[in-house]
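The values are calculated or read from the model by the stated rules, or taken from the named source; none is laboratory data. No experiment lies behind these values; they were computed from the predicted model shown. Positions of Cβ are backbone-derived with ideal geometry, glycine not excepted, and every protein chain shown enters the neighbour counts. Just the protein is used for accessible areas: all its heavy atoms, side chains included, with ligands, DNA and RNA removed. Shrake-Rupley method; radii C 1.70, N 1.55, O 1.52, S 1.80 Å.
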Amino acid sequence: MNGEIYLTLQEVMELEEKTSAALRMQILRGKLNAIKIETGIKCGFEYRIPLSELSDLAKKKYFAEQKTISALDIEEITGVKTIKNISLEQLTAAQREDAYFWDQVLKDWKAFTSEKPKARTEMTKQFVENFNESNDRKISVRTLYDKNKLYKECGVAGLADGRMNHEKKGHRIDEQIWSVFTQWYLDENKPSLSYLYTILEEWIRKENLSIKMPSEATFRRAVDQIPVPVIKYFREGNKVFEDECLPYIVRIYEKITSNEYWSSDYHTLDMMVRDDLTGEVYRPHIVTWIDIRSRKVLAMRMRRNSDSDGQILAFRDAAIKFGLPDNAYLDNGREYLVHDFGGRGKRKTDEKANYGTAMLERLNIRMVNAKVRNGKAKVIERSFKQVSAEFSKLFITYCGNRPENRPERHNDVLKKIDNIPLASEVLKDLTTYIEGIYNQRESEASGLEGLTPNQCYAKNLITKRAITSDQANIMLLRSEKMQSVCREGVFVNVGKKKVWFFDAEFASNHMKSKVIVRFDPDNLESVRVYDEHEVFMAVLDRMPEGGYEGAADTEAIKFVSAEKRKVTRAVKNFVENQREIMEAPDLRDIVMSIARENIERENINYEASVLDVSFQKELEKETLLKSAVGGEPIVDFNKMINNAKKSKGD
C-alpha cells in the first residue's frame, strides 16, 4: 500500500466521531477516498481508509494513541523467543533461513524415528547425538520437542527465532516507564535519548519504584521500532510529517503539453548586490515563470522585494514572447492573489468591491492554487534551489542560505564596496546563465527524457495562444481599484504614494465619473483609463510633481498653471460650442414676457357667493359700547367717507 497507513471503518468512526452511515455516504459520494478489502463474508468486502484522508484533529488523535506502545509490543521489539501468527514473507532473510533449517531437522527426525515408532524416546536421543556429531550447530532433545510443538501451532514461520538477530538481545521495558519515556521523547523540542534515559533513572530512584531499568541500548532499539510517521509528526512537526510521510500526487509530465501549465514563484538569491543608483547593499529577489512540462524558464525579473509588480512584469514578458498558458499553477502568496492579477475571493461575491476584471480572467487563464505549505507540489521550488546553489556561488558576496552556511570571509568582503557587484551586472549574468546553462542542460528528470528544457518545450508545443501588442495593452496591464475622476485627474498607488495622471479636457468632461486605471509598472509616464464597464476612454499622461524649491518645482508650477488654463478654456469652450449651434435669447426678456402674458391672460372672479357681515356688526356694537361708558366718541365711518368724496370734488 505504498507505505500509507490504512484504518478500518470502526477506527475512523472513533477518530472522527462520526457514524458508520455518514462515513459510507462520504465514500460513496467521493468525498472520502477508501479501498475495498475482500472478506468473503456478508457483503464480501470491508473499507480501508488512508490516514491522510482524515481531518487534522483525527490525525492528532491517532498519533497520540501511538505514543502508548504496550509492553507486549516492546517485548517483541526487545526480544521474544518465538514468533507467532506471522507469515514467511514477514520474516527477515536470516529468520527464514533459521525456519528452513528447523523444518529440515524436524523432517529428518520424524523419518529417523519412524523406523521404530515404539522406541521414539530412545530414537530421538540417538538422532540428537548423531546430528551433533556431524554438525557444527548443536541441538537438544528439549529444543527438538519445542520446535515440533511450534510447527504444529504456527507452521514453518513459527520455527524462526523470534529475535531479529542474536546481537539484539535485551531486557523487557516496563510498560509504565516506557509510557513516561515516549511522552518525553515524542516532543518537537527533540530531547536527546541519552538525556532522557538519565532523567528517567533519576525519576525511578526518586519515586522509589521497584522497576528494573534496562540498558540505554535497549531503549535505542525500542525507539528504532517506533513507526517513522510517529517520530516525524511529534518530533519534526506536521509539515515534515505531511511532506515526508503522507502520499502525494506523482505528476505525469508526459500527459501535458508545453504552455498548458505555467508556474511562478519568488526566491531570494544567496548573495549580496549593490544598487546602481543609491549604492545600497541588499539580497535580490528573483521571480521566474516556467513551463511545467519542460521546466523551461520563460521569463525572469530581479527585484528589491517580493512584490506583485515583478511577477506581473515577468508574466507579461513570457506571454509576449511565448504566448499564453491555459493554466497558472501558483501558491497562495499575496503577490499572486492581488485583485488585478489572480483576484481575491471576495471580488467574485461582493458586488461593491469595486475591482475590475482580474488579468487571468481577462486572458481566460485558469488559476490553480497549490496546497498551503506544500513545496513538493511546485516543481519551480526545486529549480530555484539549483539556481541558488550554482549561480549565487559564482560571486564573492555569496552569503549562504542560512547563517551557519555563510562563508567566514563574508563580513570582510562587504567592507570593500568594490567587492559588491552592481545589481545590473548580476541581472545581466543571471539572464545569460538561465538562457545559456539552465535552459540548455540535458536532464533525465521525469518528462524530459534526456532533452534540454528548450528542446522539450519546442517538441511539446502543440498550440500557441499568441498575443499582439494591442492585446497586451488591454490584457497585460495592472489595474487600480475603481476610482472617481477628481480635480487632480486619476492616480496609481506606488507604495504609499499616489502618482497622478491628468488631462484637462478629460477631467472636465468626466469629473466624478467611475473609472478603472490600468498601467505598466515598467513605464509610469502614462496610463490607460476605462469606464466602469471596462470600455476604453483615454490615455492620460503623468502630472509633474513639485516640492518647495528647485527646477522640478518650477516645472511643476508651469505645468499645473498651463493645465488650469486648459481646464478653464475647456469649460468656456463647452458653452461656446453650444452657442455656435444656436445663439440663446436673453433669459430676462423671456421670463418677463412670459409673466406679462400670464397677467393678461388671467381672468379670475374673487366675489364670494355668500357675504359674511357679522364682523362689521360686532365692530359697530363695540364702538357704541365704548361711547356709552365714557370712552372715545362714536365714529361714523359712512359720514367720513362721504366727506372725503366731497373734498375731492366727487
Checklist entry - How do the helices (runs of 4 or more DSSP H) wholly within segment 16-129 filter down when requiring 3 or more residues that are within 30 Å of ARG172 (Cβ to Cβ) and at pLDDT 85 or above: which remain? => result 93-113
Checklist entry - Condition test on MET13, is it assigned to a helix (DSSP H, G or I), touching a helix residue (DSSP H, G or I) at 6+ places or on another chain (Cβ under 8 Å) and either modelled with pLDDT of 85 or more or open to solvent by 90 Å² or more (accessible area, probe 1.4 Å) (or both)? => result yes
Checklist outcome for this item: Within segment 396-420, the count of residues that are of a type outside the set (S, T, N, Q) and not in a loop (DSSP other than H, G, I, E, B) comes to 9
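So that you can scan it fast, the table gives a plain yes or no per residue for (1) closer than 19 Å to PHE341 by Cα; (2) in contact with a Leu (Cβ under 7 Å, 6 or more places away or on another chain); (3) part of a strand (DSSP E or B):
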| residue | (1), (2), (3) |
| --- | --- |
| ASN259 | yes, yes, no |
| ASP276 | no, yes, no |
| ARG293 | no, no, no |
| ASN305 | yes, no, no |
Checklist entry - Inside segment 20-39, can you point out the residues that are farther than 20 Å from LYS59 by Cβ and either open to solvent by 80 Å² or more (accessible area, probe 1.4 Å) or not small (Gly, Ala, Ser) (or both)? => result ARG24, MET25, LEU28, ARG29, LYS36, ILE37, GLU38, THR39
Checklist entry - Is it the case that ALA93 is small (Gly, Ala, Ser), in contact (Cβ under 8 Å) with a residue 40 or more places away in the chain and open to solvent by less than 90 Å² (accessible area, probe 1.4 Å)? => result no
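Identify, please: which residue in segment 479-490 is more than 23 Å from ASN305 (Cα to Cα) and not small (Gly, Ala, Ser) and is, among those, surrounded by the fewest Cβ atoms within 10 Å (Cβ to Cβ)? Steps first, please.
So in segment 479-490, the residues more than 23 Å from ASN305 (Cα to Cα) come out as 482-490.
Filter once more, keeping what is not small (Gly, Ala, Ser): 482-483, 485-488, 490.
Numbers: MET482: 16, GLN483: 16, VAL485: 22, CYS486: 13, ARG487: 10, GLU488: 14, VAL490: 27.
Among those residues, the one meeting the criterion is ARG487.
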Checklist entry - Which one is modelled with the lowest pLDDT, of the residues in segment 217-257 that are part of a helix (DSSP H, G or I), open to solvent by 80 Å² or more (accessible area, probe 1.4 Å) and not basic (Lys, Arg)? => result GLU244
Checklist entry - For the subset of segment 181-211 comprising residues that are part of a helix (DSSP H, G or I) and among the hydroxyl-bearing types (Ser, Thr, Tyr), which member is nearest to ALA64 (Cα to Cα)? => result THR182
Checklist entry - Pairs under 6 Å by beta carbon, first residue surrounded by 12 or more Cβ atoms within 10 Å (Cβ to Cβ) in segment 143-154, partner small (Gly, Ala, Ser), six or more apart or different chains? => result LEU150/GLY158
Checklist outcome for this item: VAL426 passes all but one of the listed conditions (1) at pLDDT 85 or above; (2) surrounded by fewer than 17 Cβ atoms within 10 Å (Cβ to Cβ); (3) not basic (Lys, Arg); the exception is number (2)
Next on the checklist: So PRO214 ticks every box in (1) in a loop (DSSP other than H, G, I, E, B); (2) within 39 Å of the chain's Cα centre (by Cα) but one. Which box is left unticked?
Outcome noted: (2)
Next on the checklist: Can you tell me which of (1) over 17 Å from VAL287 (Cβ atoms); (2) surrounded by fewer than 17 Cβ atoms within 10 Å (Cβ to Cβ); (3) modelled with pLDDT under 90 is the one GLN386 doesn't meet?
Outcome noted: (1)
Checklist entry - Are any residues in segment 167-194 at pLDDT 85 or above and more than 26 Å from LYS60 (Cα to Cα), and if so, which ones? => result SER194
Checklist entry - Taking segment 510-530, which residues are touching a helix residue (DSSP H, G or I) at 6+ places or on another chain (Cβ under 9 Å) and loosely packed, with under 15 Cβ neighbours inside 10 Å? => result ASP522
Checklist outcome for this item: Taking segment 281-296 and keeping only residues that are open to solvent by less than 10 Å² (accessible area, probe 1.4 Å) and among the hydrophobic types (A, V, I, L, M, F, W, C), one is left with ILE286, VAL287, TRP289, ILE290
Checklist entry - Does ALA222 qualify as being hydrophobic (A, V, I, L, M, F, W, C) and over 30 Å from ALA58 (Cβ atoms)? => result no
